[in-house]
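Student: Let me begin by handing over the structure; questions about it come next.
Throughout, read-outs are computed from the coordinates displayed, never taken from laboratory work. Just so you know, these numbers come straight off a predicted model, no measurement behind them. Here the Cβ is made from the backbone with ideal geometry for all residues, glycine too, and neighbour counts use every protein chain on show.
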Amino acid sequence: MRLRRLTLWMCGRFSIMTALSLLLSVLFAPPVLAQQSAQLGRFLDQVQAADIVPGANHFGALLEIAPIAPALKGEEIIGYVYLTSDIVNTAGYSGKPIHTLVGLDVDGTIIGLKLVEHHEPIVLIGIPQARIDASVMDLIGFNPMQAAKNGEAPPQVDIVSGATVTVLVIGDSILRSAGRVAHLLSGGTIETAGPTRMVDPQGGAVSNWETLLGNGAVRRLHITVGDVNEAFALSGDPKAMKRPEPGAPDDGFVDLYVALVSHPAIGRTLLGDTGFERLQSQLGTDQAAILIMGDGRYSFKGSGYVRGGIFDRIELTQGAETIRFRDKQHERIADLAAADAPSFKEIALFRIPTGVQFQPAETFSLQLLVQRAIGALDKAFTSFALDYRLPALYSKAVPPAPKTPAVVKAAPSADTKNPEEAISAPAMTDIANFGNGPNAPLWQRIWRSKIASISVLVIMLGVLTGIFFFQDILVKREKLFNRIRLAYLLVTLFWLGWVAHAQLSVVNVLAFANALRTDFQWSYFLIDPLIFILWFSVAAALLFWGRGPFCGWLCPFGALQELTNKAARLLHVPQITVPWGLHERLWPLKYVIFLVLFGVSLTSLGLAEKLAEVEPFKTAIILHFLRDWWFVLFAVALLVAGLFIERFFCRYLCPLGAALAIPGRLRMFDWLKRYRECGNPCMRCAVECPVGAIHPEGHINPNECISCLHCQVLYHHDHKCPVMIQKRLKREKRAAMASPSMNPSSPVGTKGGVAPRNASSQGEKA
């Protein structure tokens, strides 16, 4: 037995080390492996030239300087077309790029837009595509070069309630990419012109709140209830006008303050020396940070960033650049260090994301998006602007950069992702520099920003590995094991599922299979580190235990089913026992569902993703039940069924479980122990198995087993397992026969009640 355990442990360690080495080889491979080719050519074949550039009848060959296609009318160039994801990062709510074709005229004005491909979960089902298309139509007619020259702010997109993050990302990517392409076509490079002013680190001195407020280093925006009601009245939305903000017109709605805290004098005043030094350690070269402080009834942070990772109520605009913040760039501040500073309801530190064109010494604007509910699911929106310019005390003028002729670069190769990341991307083989700098690939920057979440997940996987390798020790202690399992399921549901949104789906399987057949790129899968690590660990676990470690321990929806069923049992909800004959005929349903989805994905991955809504994961875990009522009804119906039949969805309908069960047949070891008496005569394990994976004759079906280890608890239980009960009774009988009281020839003790030494020794040996 010890030799077997040692062998399994060594094999396990070898497999884990092999898996880790493979993972590291992927993560720290040269960037060429983590980038994807320009996608413009693929989408040009799907549209008519006139749909993007009115009047054009065909496209010309891509320019050498960037993936941009001339739009021609006969032989005359009347505009240009590009794909936003070839120019800037366009990762949306799903973490995958949103592809939008943009048409510019020869002067750089946006004259056409078309959303051609996305994987946004909210838009795939529930919100019509036409509403998303219409939301960005106000951007047509905007010229980013003229706006930057005249100091004008870019137009705002029309927010679609329920898809705020998606619409904001689409609008942001259009505006940022249009500015860069227009500048490139005018004779510049992919980077915009340099600043005319720069931050002076030696400027100013540590002071106090009143001083910063007085000299303009801290700017304020005060909005009253009357201001908000007036703004919605001017918007012309009758539904919004009928629901005015309650209160007197002079009542405060929000008091907003902003400051550039990456400047030493301002940062040390507001954050203190310790806080500023910590901020400096987090900032890259020339990276800036702002502090936003708010008070009043309206929150500038909202709650959208909790679900989608993007702050959907604020944005920075500077010229043609629009900057939106994600949760990884945010830090909550409890109090300001300045002694005379007022207290605020919210204080948030935001680091300007790397890779954007932001000049901290130039004027920028903080846009506050105010929303108003006008129905059960619909909202109306308006915005207010707070302009900020770093005072002259903290900045200095720089001579204008000499204009350099446009450098003709080679067209992006099949290994480059986009000009923003690939024009001068250095080789990043040093782990210490992993994901550092604006030229780092997007996936590396995301991994670096989610170190804390990655660490928690790695700890979870390490704990689970220990549970399985030392299961024989744990399952002998029923109460301890049950508590460990309950705690693990709670972490899986609340943190892994509802907070981290790391719910694997059959869509991941279909997308991977599709990528293998088309243009497989690691960067597509590395964009979400938690999902990637989970899939990597699931693949390794399939070799040892099959699908059980994921389905029984790491699936948030599976944890939700099990926990709700436990609650139902505590409330004495009657449990339904499905007859074995019916149960055996129902579980193939999930394999049929998976095969149908896989077959559909071979012809249309988009349709397969829609049909994959048979999984309630998106509704119950990713979107927290905040969807149209029919999706919520379906998810709740499955959970209700699970109250009476434990893990109902896992048993009969889960296509992901079916997809994992197929390769799970290749596992190397059989870790679950059985007695010859299992199934004949004892059937306790079969009766108590939460998914009915144990046949009446006693053997375990590995395709259905979720490795909950309950049968192993029973296997070692000397009050529940008949074999163990017999062993315990024999052991107690031998102990009783060997006790001094059962031996008449031995004295029971002496006058003082002390047993003779030899009797004590015999008892100990027995």
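Student: Based solely on C-alpha atoms, express the radius of gyration and the Dmax of the range 672-740 in angstrom.
Tutor: Over the range 672-740's Cα set, Rg and Dmax evaluate to 14.4, 53 Å.
Student: Within 9 Å, Cβ to Cβ, of residue 717, how many net charges do the neighbouring residues add up to if Lys/Arg are +1 and Asp/Glu are -1?
Tutor: Spelling it out: positives minus negatives among the neighbours equals 0.
Student: Full-extension gain between residue 582 and residue 633, please, as 0.36 nm times their residue separation minus the C-alpha to C-alpha distance.
Tutor: Full extension from residue 582 to residue 633 adds 15.8 nm.
Student: On to the next question. At 7 Å along Cα-to-Cβ for each site, give me the label-to-label distance between residue 604 and residue 107 in nm.
Tutor: Each label point lies 7 Å from its Cα, and together they span 4.2 nm.
Student: Estimate the FRET efficiency between residue 482 and residue 625 by the formula 1/(1 + (r/R0)^6), using the beta-carbon distance for r and 35 Å for R0, to the nearest 0.05.
Tutor: 0.80
Student: Report the relative contact order of the range 197-394, percent, no decimals, based on alpha-carbon pairs under 8 angstrom and at least 6 residues apart.
Tutor: 25 percent
Student: If neighbour count is taken as other Cβ atoms inside 10 Å, put 649, 469 in order from fewest to most.
Tutor: With the fewest neighbours first, 649, 469 line up as 469, 649.
Student: Quote the FRET efficiency, to the nearest 0.05, computed for residue 688 versus residue 640 with a Förster distance R0 of 22 Å and r equal to the Cβ-Cβ distance.
Tutor: 0.50
Student: At residue 50 and residue 363, where each label point lies 7 Å from the Cα along Cα→Cβ, what is the point-to-point distance in nanometres?
Tutor: Result: 4.2 nm between the two label points.
Student: If each residue of separation counts as 0.36 nm, what is the full-extension length gain between residue 61 and residue 242 once their alpha-carbon separation is subtracted?
Tutor: Working: separation 181, 0.36 × 181 = 65.16 nm, distance 5.33 nm.
Extending this stretch completely gives an extra 59.8 nm.
Student: Here's a follow-up. Where the centre of each part is set by its Cα atoms, how far does the range 605-671 sit from the range 330-384, in angstrom?
Tutor: 38 Å
Student: In addition: Past 30 Å, Cα to Cα, is the threshold; run 476/618; 149/396; 673/730; 566/720; 618/673 against it and keep the listed order.
Tutor: Result: 476/618; 618/673 exceed 30 Å.
Student: Still on this model: Taking the radius of gyration and the Kirkwood hydrodynamic radius from Cα positions alone, what is the Rg/Rh ratio for the range 197-394, to two decimal places?
Tutor: 0.98
Student: In which sequence would 555, 711 go, from the one with the fewest C-beta neighbours within 10 Å to the one with the most?
Tutor: So the ranking, lowest neighbour count to highest, is 711, 555.
Student: Now for a different question. Neighbour counts of other C-beta atoms within 10 Å: give me 697, 615, 362, 677 arranged from fewest to most.
Tutor: With the sparsest Cβ surroundings first, the list reads 697, 677, 362, 615.
Student: How far apart, in nm, are the 7 Å Cα→Cβ label points at residue 662 and residue 250?
Tutor: So the two model labels end up 7.2 nm from each other.
Student: May I pose another question? Cut-off under 15 Å on the C-alpha distance; same-chain residues fewer than 8 positions from residue 239 excluded. Which aspartates and glutamates are left, in chain and number order?
Tutor: Partners found: 230, 378.
Student: Starting from the Cα of residue 730, step 7 Å toward the Cβ, then list every residue of the range 681-724 with an amide N under 13 Å from that point.
Tutor: 723-724
Student: Between residue 235 and residue 149, what FRET efficiency follows from the Cβ-Cβ distance if R0 is 35 Å, with the result rounded to 0.05?
Tutor: Numbers: r = 29 Å, r/R0 = 0.82.
The calculated FRET efficiency here is 0.75.
Student: Here's something else I'd like to know. Can you give the extra length, in nm with one decimal, that the chain gains between residue 737 and residue 677 once fully stretched, where that is 0.36 nm per residue apart less the Cα-Cα distance? List each step's numbers first, then the result.
Tutor: Numbers: separation 60, 0.36 × 60 = 21.60 nm, distance 2.78 nm.
Gain on stretching residue 737 to residue 677: 18.8 nm.
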